[in-house]
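Below is one structure, written out as C-alpha cells, with a few remarks after it.
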Amino acid sequence: MILSAEIILPVSYSPIFNAAILIENGKIRDIGIKDEIINRYRSHELMEFKDAALIPGLINLHAHLELTALKGRIFNKDTELMHWILRLVDEKKATSAEVLSSGSEKGITEAISTGTTTISDISTNGESLYKLKKTGIRGIVYKELLNFDDTKALCCWKKAIEDIESLRKDETALLSIGISPHSPYSVSPRLLGLIQGYAEKEDLKLTMHVSESREEIKFISEDKGPIKDIYLKRFKWDKYKRQVFGDCKSPVEYLEKEGLLSPEFLLVHGVHLNNDDIKRLARKGVPVVHCPRSNVFIGVGVAPFYNLISEGITVGLGTDSCASNYSLNMWDEMRFAYLLHNRINDKKITAEDIIMAATINGAKALGLDDKTGTIEIGKEADIIAVRFPKRDTDIYPVRKQAPSEPHKTCNPLKDEFSNGVYRDLLLHTVPNDIIMTMVAGKVIYQKELKDVN
C-alpha cells in the first residue's frame, strides 16, 4: 500500500512536500517524493489524501476509559482533590455496569476518530482490554490497585494477581497489560513491594498518580491534612503509622526510597514537583505524563512542563478521564497545553514541542519508540491523515523548500517550513479534519470519501 499527501510530517526530521509512504506487512518500507515512490512500486494500491498531511498517530499516555460515562457529572466545587475523588467514587458506584461499559466504547471511538493510535488506560477490572482489542488500536491497559492498609496487602495482591494473569492471556502484539498502584497515599508499602517485585520479574510497566495535589504533599511530608482526615473519619481507620513515609519530604523522594523510580515507571501528573524531585526523575530516567486540562479542571494547579523538558525528562500528554475533562481528543489537549505553556513560559514552548510530546515522547515513555511515534523506515505504520484548514491564500509559501533527502535527520525546531505547518495544524485541527487513522498498516478509521473531498 502507498499513502500520499501534500505533506508528510515525520516528526524526527523535516517535512516532505508532495510525498508518499510505502507500507508492507504493517511496516514503513520507503518514504519519498510521491512520483518516485509510485513509479518504484507500481503494483501497490495508492491511497491519496489531497490537501492533507500524514503524521504519526497520537499517543494518549493517561486515560480512564471506564469513566467516560461520568462526563459532565462531577465538578470540583472545593479546592481539595480528595473531595473530588470521593464524589467520583460515589458517582461510579451509582452508575450501572452497562452504562460504564457503553461509555468506554464511546471513549475509544472518540479517541480513534480524532487520531489516537496508542492509548494508555487505567482500569479497575481490565475490561477495556477486550474493547480496545476489537478496534485494532495499540495500547497498554494498567490494572489499578488501591489499598493503604499493610495488614491487607497480601490478600489484596492475591486477588489482583489472579486478574492480572488472566488478562495477560489475552495480550496481543498491539495490546499489553501493566499495573497501576493508584498513588503513594493510597497503596501501602507492602503492596507496593509486591507489585514492584512482580512487575520487575515479569517485565511489566507501572504507572502511578504522583504529586498531583498539595494535599498529597502535605500528607506525605507533614502527616496531616485532608487525606489523613478522610482515612480517620470516613473509613474509621486508625492503624496508619507515620513510619510509612519516614522523613521523606515529597512523594517522589518516597518512591525513590521504595525503589520504584525507573524508565519503566510512568509518573502521571507531577503538578507539585520541586527542583529536587525533577532532578531525581531526570537521574532515574522516569518519564512523566502531563494532563493540563484535567489539572486545571480539578483545580490542582499547573505542572512544570518547561522545567521538566529542560532537564531532559521525557514528557508526554494524557487526557485523563472525561470525569475531569470534556473530551478524549488529543488535539484539544495539545492545543490547551500549547496556549497555556506558551504564555506561562514566555513563548519558549513551541508547537513542535507539544506535537512531539503527543507522538515520539509518548512512544519513548511507553518503551515503544522502536515501533511508533515517528514516520521512519522500519517502524510500524501508525499514521493519521489530517486535512489542512481551508485558507484563502497559500498556507505555506516555503513548502517547495522541503528537503530533497527526506531520510536525513535534521532539527525541525529550526526549520521555517516545520514551524508553520506544525503550528497551523496544532491551532486549527478539529475532529472533522481527521480523515484516516491507521495502526500497524491497518486502517481502523476512515471518513467516507464524500466527506473528505
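The values are calculated or read from the model by the stated rules, or taken from the named source; none is laboratory data. From a predicted model like this one, the values you see are computed outputs, not experimental measurements. Cβ atoms come from the backbone with ideal geometry, glycine included; neighbour counts cover every protein chain shown. To get the accessible areas, we keep the full protein, side chains included, count just its heavy atoms, and leave off ligands, DNA and RNA. Shrake-Rupley method; radii C 1.70, N 1.55, O 1.52, S 1.80 Å.
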What order do 427, 281 take when sorted by accessible area (1.4 Å probe), most exposed first?
427, 281
For the chain, with all protein chains present and a 1.4 Å probe, just round the carbon and sulfur fraction of the accessible area to a whole percent.
49 percent
Long-range HN-HN contacts of residue 187 with modeled amide H, under 5 Å
147
For a quick check of understanding: with a 1.4 angstrom probe and all protein chains in place, what accessible area in square angstrom does residue 83 have, to the nearest ten?
70 Å²
Taking only the alpha carbons of segment 193-335, what extent do you get along each of the three principal axes, in Å, biggest first?
45, 34, 30
What is the helix-to-structure angle for 275-284, meaning the angle in degrees between its Cα long axis and the longest Cα principal axis of the chain, kept from 0 to 90 and rounded to the nearest 10?
70 degrees
Sequence-distant residues sharing a close amide H with residue 266 (under 5 Å, placed H):
206, 207, 208
Heavy-atom accessible area of residue 370, protein chains in place, probe 1.4 angstrom, given in Å² to nearest 10, is 100 Å²
Residue-level accessible surface for residue 232, protein heavy atoms, 1.4 Å, Å²:
80 Å²
Using Cα-Cα distances under 8 Å and only pairs 6 or more residues apart, what relative contact order does segment 276-386 have, in percent?
21 percent
For residue 370 and residue 44, FRET efficiency with R0 = 30 Å and r from the beta-carbon atoms, rounded to 0.05?
0.75
Between residue 443 and residue 173, how high is the FRET efficiency from 1/(1 + (r/R0)^6) when r is the Cβ-Cβ distance and R₀ = 25 Å? Nearest 0.05.
0.90
Non-local residues with an amide H under 5 Å from the amide H of residue 51, with H modelled 1.01 Å from N and Pro and chain starts lacking one, are 6
Spin-label model distance (nm) - residue 95 vs residue 133, 7 Å beyond Cα toward Cβ:
2.4 nm
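Quickly estimate the mean residue ellipticity at 222 nm for the chain, helices only: each DSSP H run with n ≥ 4 gives -39500 (n - 2.57), and the total goes over all residues, rounded to 500. If you can, show how the numbers build up before the last one.
Working: 17 runs with 167 residues, N = 453.
The helix-only estimate for the chain comes to -11000 deg cm²/dmol at 222 nm.
Hey, what's the chain come to in accessible area per residue, 1.4 Å probe, Å²? The partial results should precede the final answer.
Details: 18950 Å² over 453 residues.
Ligands and nucleic acids excluded, the result is 42 Å² per residue.
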Karplus-derived 3J(HN,Hα) from phi for segment 286-294 (6.51 cos²θ - 1.76 cosθ + 1.60, θ = phi - 60°), whole Hz, x at Gly and Pro, runs 7, x, 10, 9, 9, 10, x, 5, 4
Sorted by accessible area (1.4 Å probe), largest first, how do 423, 168, 343, 214 line up?
343, 214, 423, 168
Trypsin sites (Lys or Arg not before Pro) restricted to segment 5-92 and DSSP loop, no more than 13 other C-beta within 10 Å:
42, 77
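Hey, what did the chain get for relative contact order, percent, Cα under 8 Å, at least 6 apart? Numbers along the way, then the final one.
On the way: 941 pairs, mean separation 102.7, N = 453.
After rounding, I find 23 percent.
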Seen from all sides and averaged, what is the projected area of the convex hull of the Cα atoms in the chain, in nm²?
21.7 nm²
